[in-house]
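Asker: Handing you a structure now.
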Amino acid sequence: MSILVFVEGDEGKIKKSSREAISYAAAMADGAEITALVLGTYQSEELQSLGANGAHKVMHASSAQLDQGIIQAYAGVVAQAIEQSGAQTLIMAKSSLGDAIAARVSILIDASLASNIVELPDTSNGFTVKRSIYTGKAFAYVNLNKERKILALKKNAADLKTDGSPAELVSFEPQLNDEDFNTTILSTEKATGEILLPEADIVVSGGRGLKGPENWHLIEDLAKSLGAATGCSKPVSDMEWRPHHEHVGQTGIKVSPSLYVAVGISGAIQHLAGVNSSK
């Protein structure tokens with residue numbers, strides 16, 4: 001038996017959330033082989049480093065067509081990788097891309113799907129997973145009854161393993177369907193900053209209590225000292241003190257850092273909904 005982990009990256013670097021997904025797979029493996037699936041252009045050193053997180057093998061589909069993250073194409077490739085590897089379980093990080101792929105793959109391979117997983121599954125009586133629901137206000141326990149299973153892991157829910165050995169690299173050449181590439185990504189606008197909110201382990205956010213954008217250096221200086229990403233409340237982004245991609249909350253970016261620092265933020269329920277899964 002093997003476990004397949006779908007890995008996401010950005011500009012040739014593997015995302016921390018995907019490394020957590022591999023570590024989660026290693027923790028639940030019980031002797032199973034952990035295979036990481038990586039799509040697009042990456043250096044071999046970056047791929048081999050996934051072994052430190054617990055991957056035994058890395059299946060790499062290096063076609064440049066897979067650099068952009070076209071959802072339909074990715075879903076088809078992931079389904080092919082599951083068939084080729086013989087994996088009964090697919091694990092990935094919960095993300096906007098992961099959610100869309102997981103739903104499609106679950107149909108393609110007839111698998112049970114659970115998202116926002118926060119703990120290792122309980123296999124003492126079937127296969128039960130614990131999910132975070134209602135923006136972190138409650139938990140649900142779900143039984144997955146189909147032979148194949150897809151688990152989407154909540155960010156920062158697994159301890160990051162770093163003591164594994166370099167992974168074996170295996171070339172993977174899936175059949176690419178031209179119809180899956182009917183969607184074209186014309187351009188991508190990326191959030192700026194040395195540390196991005198979705199991947200940050202520490203986040204420092206500011207609100208209207210800072211009185212104006214001229215005082216934002218206080219947030220930036222603290223974030224720099226802590227090695228943190230910067231965020232803000234919705235009113236701050238609405239007033240254009242800060243860019244909208246820094247808006248943390250229910251209608252903005254939901255974060256799960258180890259430490260969340262809120263400065264001059266009133267604590268409205270919409271803001272707390274985006275941060276209450278912080279450790």
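The values are calculated or read from the model by the stated rules, or taken from the named source; none is laboratory data. On a predicted model such as this, the values are computed, not experimentally measured, just so you know. Just the protein is used for accessible areas: all its heavy atoms, side chains included, with ligands, DNA and RNA removed. Shrake-Rupley method; radii C 1.70, N 1.55, O 1.52, S 1.80 Å.
Asker: In whole Hz, with x marking every Gly and Pro, tabulate ³J(HN,Hα) for region 236-251 from phi via Karplus 6.51 cos²θ - 1.76 cosθ + 1.60, θ = phi - 60°.
Answerer: 5, 6, 5, 7, 6, 5, 9, x, 5, 6, 9, 5, 9, x, 4, 9
Asker: Now for a different question. Gap in Å between the Cα centre of region 1-48 and the Cα centre of region 101-167?
Answerer: 15 Å
Asker: If I fit a long axis through the Cα atoms of helix 71-85 and take the longest principal axis of the Cα atoms of the chain, what angle between them do I get, 0 to 90°, rounded to 10?
Answerer: 40 degrees
Asker: Oh, and also: Counting only helical runs of four or more DSSP H residues, what would the 222 nm mean residue ellipticity of the chain come to if each run contributes -39,500 (n - 2.57) and the total is spread over all its residues?
Answerer: -7000 deg cm²/dmol
Asker: Once both axes come from the Cα atoms, what is the angle between helix 217-226 and the longest principal axis of the chain, in degrees from 0 to 90, rounded to 10?
Answerer: Orientation of helix 217-226: about 40 degrees from the principal axis.
Asker: Ignoring ligands, DNA and RNA, what percent of the 1.4 Å accessible area of the chain is carbon and sulfur?
Answerer: 48 percent
Asker: Using 10 Å bins from zero, what percent of all Cα-Cα pairs in region 31-96 falls into each bin?
Answerer: Per 10 Å bin, starting at 0, the Cα pair percentages come out as 18, 52, 29, 1.
Asker: Another question, then. Please determine, in degrees from 0 to 90 and to the nearest 10, the orientation of helix 96-109 with respect to the longest principal axis defined by the Cα atoms of the chain, where the helix direction is its Cα long axis.
Answerer: 20 degrees
Asker: Rounded to the nearest 5, what is the percent of antiparallel bridges among the DSSP beta bridges in the chain?
Answerer: If we restrict to bridges inside the chain, about 20 percent are antiparallel.
Asker: Tell me, in nm to one decimal, what length is gained between L169 and E240 on full extension, where the rule is 0.36 nm per residue of separation less the Cα-Cα distance?
Answerer: Using 0.36 nm per residue and subtracting the Cα-Cα distance, I get 20.9 nm.
Asker: Given 10 Å bins starting at zero, what is the percent of C-alpha pairs of region 78-154 in each, up to the one with the largest pair distance?
Answerer: 19, 52, 26, 3
Asker: Given q = 0.18 Å⁻¹, what are the Debye log10 I(q)/I(0) values for region 199-279, with equal point scatterers placed on the Cα positions and solvent ignored?
Answerer: So the normalised log intensities are -0.63.
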